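Here is the structure we will look at.
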Amino acid sequence: MDRTNRFYINGEWVVPHGRDRFVIVNPATEARTGELAMGDADDANAAVAAARAAFDGWSATPPDERLRLLKALLERYNAGADEMAALMTKEMGVASSFSRSAQIALGRAHLEAAIRVLGEFEFSEKRGNTLLAKEPIGVCALITPWNWPMNQLVVKVAPALAAGCTMVVKPSEFSPYSALLFAQMVHDAGFPAGVFNLVNGDGLVVGETLASHPEVDMVSITGSTRAGIAVAKSAADTVKRVHQELGGKSANIIFEDADFDRAVAFGVRASYLNCGQSCSAPTRMLVPHSMMARAAQVAAQTAESIRVGTPEDDGTDLGPVVNAKQYAHIQGLIESGVAEGAKLVAGGAGRPEGLSRGYFVRPTVFANVAKDMRIAREEIFGPVLSIIGFDDEADAIAIANDSPYGLAGYVQTADAERARRVAAKLRVGNVYINEAPWDANAPFGGYKQSGNGREHAEFGLGDYLEIKAIAGY
């Protein structure tokens, strides 16, 4: 069955009402790979109706039964991991090796975390004569992006299912194949009809309908700050809960006492992770002015060692970025960096040598970047690093916090006390000290225009619960 011409509503693959179609393009070849049915308001309304009808039964399902079904879903996810990884490479151009080792792994980690949390979670507790009951919030609209197709889908779906919520998922039209396969996995795991529904479409039609729908109790969106603002405005009239995980422009502060060359090289690779298409990427590298030349040299050498090429080749580090619009956006910002006087030390505009087709971007490093340049302030979402100099610790903190975003921060230093001191002053939701790894059990989310709420593990589960206080219980 060609899932791209169907939506998953009320336990069935149904023919869409909407007549629009979206051409799916392989970003590595620019060749058409398929055509995606795009929903309209009627499709979104049908999915919400199915979720609403299923809510009473699913919300009353014992946690043990929800746990059993989540474990069944994990089994199917693991069994289909190779197919899923190949689909993500096909739809967004991520290197096959990275798709297998990271894209698949993060989705698995969120399913495992949801299973662990549900097995331990207490949905009620006594405080004196008051019972606190933690109940599913209701019907949830889950709007997910293209850059981490399984991470961002599962990090919402798994806790919502664990909480006892029903849902309508609207994935990005740029990464539809993996989302449609995941819907089939949910079906095969045996979740009741109407609990999970999926409708493809764009934000202006399907996203707007879901966000403003009076029968939707919560919207969770991962995407650009612009999209998050639009969803919040649409949701305001119905006073529903809105969870937003949005943009970032994370600073990576490298002090002179760090293992400097290693820290710089790590920072370059981290900023290029997923071809730079990660909201928490450390794309602003902050170094002492006295170390700028050394940082530029090491960063350039590291960037030049990055292998850009065909995603299916196991020797490839970076494939293309996701689409023509994103490619043009990145090219424009690279050109702005040159025009504004930053020092280009690696990469630059255009495709890498030997690649004449596809949305491939040269791994790029700018040194001597002023903090008010566009490349220092705007989210580029590509393999472009800006190195900014600072005077002292206070200056580094001030530069790091001088951003409308506040998703993540990074600190590299041999002085543990300094690392903790700086971390405490960064206005961000997550701080990583000295190459600390990502943790699926730690809360994830941001300050300021990076959004609100927290995802991952019990923190994510809490987003899908309401608390009822029953006095005199």
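Among the candidates MET185, MET150, single out the residue that is hydrophobic (A, V, I, L, M, F, W, C), in contact (Cβ under 8 Å) with a residue 24 or more places away in the chain, under 21 Å from SER450 (Cα atoms) and out of contact with any strand residue (DSSP E or B) (no Cβ under 7 Å at 6 or more places or on another chain). Write out each step before concluding.
Details: MET185 fails: under 21 Å from SER450 (Cα atoms).
Result: MET150 is the single residue among MET185, MET150 that is hydrophobic (A, V, I, L, M, F, W, C), in contact (Cβ under 8 Å) with a residue 24 or more places away in the chain, under 21 Å from SER450 (Cα atoms) and out of contact with any strand residue (DSSP E or B) (no Cβ under 7 Å at 6 or more places or on another chain).
Has the range 390-400 got at least one residue that is out of contact with any Asp or Glu (no Cβ under 6 Å at 6 or more places or on another chain), part of a strand (DSSP E or B) and at pLDDT 95 or above?
To start, the set of residues in the range 390-400 that are out of contact with any Asp or Glu (no Cβ under 6 Å at 6 or more places or on another chain) comprises 390-400.
Subsequent filtering for residues that are part of a strand (DSSP E or B) retains 390.
Narrowing further to those that are at pLDDT 95 or above: 390.
Yes: one or more hits.
May I ask you to say which residue of VAL365, VAL422, VAL411 is assigned by TED's automatic domain parsing to the domain that holds THR283, surrounded by fewer than 24 Cβ atoms within 10 Å (Cβ to Cβ) and not in a loop (DSSP other than H, G, I, E, B)? Give the steps one after another, and end with the answer.
Values: VAL365 fails: surrounded by fewer than 24 Cβ atoms within 10 Å (Cβ to Cβ); VAL411 fails: surrounded by fewer than 24 Cβ atoms within 10 Å (Cβ to Cβ).
When all the criteria are applied, what remains is VAL422.
All told, ALA281 falls short of being touching a residue at least 24 places away in the same chain (Cβ under 8 Å), under 22 Å from the mean Cα position of the chain (by Cα) and surrounded by fewer than 17 Cβ atoms within 10 Å (Cβ to Cβ). Within the range 341-348, can one find any residue that is more than 22 Å from the chain's Cα centre (by Cα), without any contact (Cβ under 8 Å) to a residue 12 or more places away in the chain, outside any helix (DSSP H, G or I) and under 29 Å from PRO149 (Cβ atoms)? The answer is no, given that none of the residues of the range 341-348 is more than 22 Å from the chain's Cα centre (by Cα), without any contact (Cβ under 8 Å) to a residue 12 or more places away in the chain, outside any helix (DSSP H, G or I) and under 29 Å from PRO149 (Cβ atoms).
Only one of these is closer than 30 Å to LEU426 by Cα, under 24 Å from the mean Cα position of the chain (by Cα) and modelled with pLDDT of 95 or more: ARG362, ARG377, ARG294. Name it.
On the way: ARG362 fails: closer than 30 Å to LEU426 by Cα; ARG294 fails: under 24 Å from the mean Cα position of the chain (by Cα).
Unique residue meeting the criteria: ARG377.
With respect to the conditions (1) surrounded by 19 or more Cβ atoms within 10 Å (Cβ to Cβ); (2) out of contact with any strand residue (DSSP E or B) (no Cβ under 9 Å at 6 or more places or on another chain); (3) in a helix (DSSP H, G or I); (4) not hydrophobic (A, V, I, L, M, F, W, C), GLY332 lacks only one, and its number is (1).
Regarding VAL168, is this residue within 20 Å of the chain's Cα centre (by Cα), more than 18 Å from TRP58 (Cβ to Cβ) and in the same structural domain as MET38 (by TED's automatic domain parsing)?
Values: within 20 Å of the chain's Cα centre (by Cα): yes; more than 18 Å from TRP58 (Cβ to Cβ): no; in the same structural domain as MET38 (by TED's automatic domain parsing): yes.
No; evaluated as a whole, the condition is false for this residue.
The condition (being assigned to a helix (DSSP H, G or I), touching a helix residue (DSSP H, G or I) at 6+ places or on another chain (Cβ under 7 Å) and aliphatic (A, V, I, L, M)) is satisfied by just one residue among MET285, MET291: MET291. Of all residues in the range 161-195, those that are crowded, with 24+ Cβ neighbours inside 10 Å, under 30 Å from LYS325 (Cβ atoms) and hydrophobic (A, V, I, L, M, F, W, C) total 5. Does ALA436 fit the bill of being closer than 29 Å to VAL298 by Cβ and surrounded by fewer than 24 Cβ atoms within 10 Å (Cβ to Cβ)? Answer is yes for this residue.
Of all residues in the range 214-242, count the ones that are surrounded by 24 or more Cβ atoms within 10 Å (Cβ to Cβ), not small (Gly, Ala, Ser) and not in a helix (DSSP H, G or I). Before the answer, list the steps.
Of the residues in the range 214-242, the ones surrounded by 24 or more Cβ atoms within 10 Å (Cβ to Cβ) are 216, 219-223, 228, 231.
The next check asks that each one be not small (Gly, Ala, Ser); those that pass are 216, 219, 221-222, 231.
Now drop any that are not not in a helix (DSSP H, G or I), which leaves 216, 219, 221-222.
Residues meeting the conditions: 4.
For the range 243-267, a residue qualifies if it is under 24 Å from GLY451 (Cα atoms) and in a loop (DSSP other than H, G, I, E, B), and the qualifying residues are LEU246, GLY247, GLY248, LYS249, SER250. Can you confirm whether the range 373-388 contains a residue that is among the charged types (D, E, K, R), in contact (Cβ under 8 Å) with a residue 24 or more places away in the chain, buried (at least 17 other Cβ atoms within 10 Å of the Cβ) and assigned to a strand (DSSP E or B)? For the range 373-388, residues among the charged types (D, E, K, R), in contact (Cβ under 8 Å) with a residue 24 or more places away in the chain, buried (at least 17 other Cβ atoms within 10 Å of the Cβ) and assigned to a strand (DSSP E or B): absent. Contact annotation: residue pairs with Cβ atoms under 9 Å, 6 or more positions apart or on different chains, pairing a residue in the range 233-249 that is of a type in the set (Asp, Glu) with a partner that is surrounded by fewer than 24 Cβ atoms within 10 Å (Cβ to Cβ) and part of a helix (DSSP H, G or I), are ASP237/SER212. Scanning the range 95-109 for residues that are touching a residue at least 12 places away in the same chain (Cβ under 8 Å) and either over 21 Å from GLU455 (Cβ atoms) or of a type in the set (Gly, Ala, Ser) (or both) yields ALA95, SER96, SER97, PHE98, SER99, ARG100, ALA102, GLY107, ALA109. With respect to the conditions (1) in a helix (DSSP H, G or I); (2) more than 18 Å from ASP217 (Cβ to Cβ); (3) touching a helix residue (DSSP H, G or I) at 6+ places or on another chain (Cβ under 7 Å), ALA162 lacks only one, and its number is (2). Determine whether ALA81 is more than 23 Å from MET92 (Cβ to Cβ), under 25 Å from the mean Cα position of the chain (by Cα) and surrounded by fewer than 21 Cβ atoms within 10 Å (Cβ to Cβ). It is false that ALA81 is more than 23 Å from MET92 (Cβ to Cβ), under 25 Å from the mean Cα position of the chain (by Cα) and surrounded by fewer than 21 Cβ atoms within 10 Å (Cβ to Cβ).
Which one of ARG76, ARG32, ARG6 is among the basic types (Lys, Arg), over 30 Å from ARG116 (Cα atoms) and buried (at least 17 other Cβ atoms within 10 Å of the Cβ)?
Every option except ARG6 fails the conditions.
Within the range 397-408, residues that are more than 17 Å from GLY451 (Cβ to Cβ) have Cβ atoms under 6 Å from residues that are among the charged types (D, E, K, R) and in a helix (DSSP H, G or I) in these pairs: ILE397/LYS425, counting only partners at least 6 apart in sequence or on another chain.
Considered as a group, the residues in the range 43-59 that are under 13 Å from PRO136 (Cβ atoms) and touching a residue at least 24 places away in the same chain (Cβ under 8 Å) include one that is farthest from the chain's Cα centre (by Cα), and that residue is GLY57.
The values are calculated or read from the model by the stated rules, or taken from the named source; none is laboratory data. Small disclaimer: the values here were computed from a predicted structure and weren't measured. Heads up, the Cβs are rebuilt from the backbone with ideal geometry, glycines too, and the neighbour counts pull from every protein chain shown.
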